[in-house]
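The values are calculated or read from the model by the stated rules, or taken from the named source; none is laboratory data. In this text the structure is predicted, and so the values were computed from the model without any measurement. Cβ placement follows ideal geometry from the backbone for every residue including glycine, while neighbour counts extend to all protein chains displayed. Keep in mind that these areas ignore ligands, DNA and RNA; they rest on the heavy atoms of the full protein, side chains included. Shrake-Rupley method; radii C 1.70, N 1.55, O 1.52, S 1.80 Å.
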Amino acid sequence: MSAHPTATRPTADPGTPDSGGQNPDGLKPGLKNRHLSMIAIGGVIGAGLFVGSASGIATAGPGILLSYALVGLMVVFVMRMLGEMAAANPASGSFSEYADRALGRWAGFSIGWLYWFFWVVVLAVEATAGAVILEGWVPAVPQWAWALIVMVVLTATNLVSVSSYGEFEFWFAGIKVVAIAAFIVLGGLAVFGVLPGSESESAGLANLTSHGGFLPNGAGAILTGVLMVVFSFMGSEIVTLAAGESENPRRAVTKATNSVIWRIGVFYLGSIFVVVTLLPWDSKAIAEHGSYVAALDSIGIPHAGQVMNVIVLTAVLSCLNSGLYTASRMAFSLGKRGDAPKAFARTNSKGVPQAAILGSVVFGFVAVFFNYQWPDTVFEFLLNSSGAVALFVWLVICFTQLRMRGIILREAPEKLIVRMWLFPYLTWATIAMISFVLVYMLTDDAGRQQVVLSLLVAAVVVAIALVRDRMGAGRRP
């Protein structure tokens, strides 16, 4: 399969708006630098960190820190590669457009639609999760109605303008960042016994090695932990899609790429370190109430459960907001390249791809309906068949960067302002790491189902892409 001959096709630089303040592709640069900064920070803090970490701790003990570190390192490398390409050519389709150019049109089509599919399924998952929390607060409103309300509200904000999306995300992400930072500071003080009123016999660095040692369930539990935490990192790449609608795309991408190391180090490793030092890893409280609620309870924070519910709801709404934005911009990019209905590529007077947003949210609503109507059959299939897409996306980014480096150096070497370290050796090492995770998933019952079904869906999408290429359908507009 030869690469699609687009290396010589002129590409618009979204970083240079025309005189009317609108990018050549029709999108308006409505995201301010503060929006992009918070999108970049908030993108790595998903609801999965708050909700799913307890099971990871139960599986690997304190060794879960190594699981988070391994996945975090993988994400840092992937983001560095993506940052290299995005800084050179910010685009609304990000890695899908780069794959189109470097690997062939079939690759851009396939990964673009798979990524879109992943996010519309996420919309249903997060809408339902938010509805569960809201129903607990206001039982008079049924769960399905809450799911409908949050979907409608966030759809409306995305339709108004890109700046309204950015403003909502700025505050959603801001709450998450402040909450995590406060948790780390208070928890850290408690661990070292200097937080007034939080004296606890169970807190201390000894928790890292007592209760069976640092790896109580063996070294293999680190890899099992990797499978449990890897998907909580999905979303870090959103900033490269949003950069195309910012005031200074290259600066935003460069800043986000350079800061990804400390963001993962502080928010993931820092907060999990606090949890496993405040409490023994096998504490019943972690299993019963969740890692963060148990940790807050242990240092005497009142109403810890409700505090965490507010934070989780914020994370859920943030994910919904960004998921709808991301799915719509990918649909817009596919439409612009002739790989989706042309209506998706049109923007209204405010520079918003209205049809792409509505098309994405319609499928999101359908997925929500499936979740309530057939949760154990149809929706479970959707969930599992999109489960490994995150890893597929990261693999495609790696292979794309291997080819794009040469294209950038040949056409515009001055745009190579962000460089992947130790190229190409570290790129190949990252490919090996991601491939190993996919293979290791086959040894796990839940992971096996996700990989097999995701591969099945991916094979169907790639087959459609190859048939389209062979038939010459959907030529570039």
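In the stretch 114-136, how many are of a type outside the set (A, V, I, L, M), surrounded by fewer than 21 Cβ atoms within 10 Å (Cβ to Cβ) and touching a residue at least 40 places away in the same chain (Cβ under 8 Å)?
Here is the first cut: in the stretch 114-136, the residues of a type outside the set (A, V, I, L, M) are 115-119, 126, 128, 130, 135-136.
Pick out the ones that are also surrounded by fewer than 21 Cβ atoms within 10 Å (Cβ to Cβ) and you get 135-136.
Subset that is touching a residue at least 40 places away in the same chain (Cβ under 8 Å): 136.
Qualifying residue count for the region: 1.
Here are the criteria: (1) open to solvent by less than 80 Å² (accessible area, probe 1.4 Å); (2) closer than 20 Å to Arg337 by Cβ. Tell me which single one Ile434 does not satisfy.
Condition (2) is where Ile434 drops out.
Could you tell me whether any residue of the stretch 272-287 is without any contact (Cβ under 8 Å) to a residue 60 or more places away in the chain and open to solvent by 10 Å² or more (accessible area, probe 1.4 Å)? Spell out how you get there, then give the answer.
Going through the stretch 272-287, the residues without any contact (Cβ under 8 Å) to a residue 60 or more places away in the chain turn out to be 284-285.
Of the ones still in play, those that are also open to solvent by 10 Å² or more (accessible area, probe 1.4 Å) are 284-285.
So far as the stretch 272-287 goes, yes, one or more of its residues are without any contact (Cβ under 8 Å) to a residue 60 or more places away in the chain and open to solvent by 10 Å² or more (accessible area, probe 1.4 Å).
Quick check on Ala388: is it modelled with pLDDT of 90 or more, hydrophobic (A, V, I, L, M, F, W, C), in contact with a Ser or Thr (Cβ under 7 Å, 6 or more places away or on another chain) and surrounded by 21 or more Cβ atoms within 10 Å (Cβ to Cβ)?
On the way: modelled with pLDDT of 90 or more: no; hydrophobic (A, V, I, L, M, F, W, C): yes; in contact with a Ser or Thr (Cβ under 7 Å, 6 or more places away or on another chain): yes; surrounded by 21 or more Cβ atoms within 10 Å (Cβ to Cβ): yes.
Judged against the criteria, Ala388 is not a match.
Quick check on my filter: what residues within the stretch 24-58 are modelled with pLDDT under 75, surrounded by fewer than 24 Cβ atoms within 10 Å (Cβ to Cβ) and not aliphatic (A, V, I, L, M)?
Selection gives Pro24, Asp25, Gly26, Gly48.
Can you tell me which residue is surrounded by the fewest Cβ atoms within 10 Å (Cβ to Cβ) among those in the stretch 217-245 that are farther than 19 Å from Val121 by Cβ and either modelled with pLDDT under 80 or of a type in the set (Lys, Arg) (or both)?
If we take residues in the stretch 217-245 being farther than 19 Å from Val121 by Cβ and either modelled with pLDDT under 80 or of a type in the set (Lys, Arg) (or both), then Gly244 is surrounded by the fewest Cβ atoms within 10 Å (Cβ to Cβ).
If only one of Val439, Val418 is β-branched (Val, Ile, Thr), over 18 Å from Trp113 (Cα atoms) and exposed (fewer than 14 other Cβ atoms within 10 Å of the Cβ), which one is it? First the steps, then the outcome.
Working: Val418 fails: exposed (fewer than 14 other Cβ atoms within 10 Å of the Cβ).
Within the list Val439, Val418, the selection yields Val439.
Out of the stretch 61-96, which residues are open to solvent by 10 Å² or more (accessible area, probe 1.4 Å) and more than 16 Å from Ala40 (Cβ to Cβ)?
Leu65, Leu66, Ala69, Leu70, Leu73, Phe77, Asn89 - these are the residues of the stretch 61-96 that are open to solvent by 10 Å² or more (accessible area, probe 1.4 Å) and more than 16 Å from Ala40 (Cβ to Cβ).
Pull out all pairs, ordered by first then second residue, where Cβ-Cβ is under 6 Å, the residues are six or more apart or on different chains, the first lies in the stretch 332-355 and is closer than 16 Å to Thr155 by Cβ and touching a residue at least 12 places away in the same chain (Cβ under 8 Å), and the second is β-branched (Val, Ile, Thr) and assigned to a loop (DSSP other than H, G, I, E, B).
Listed pairs, sorted by first residue: Pro353/Thr347.
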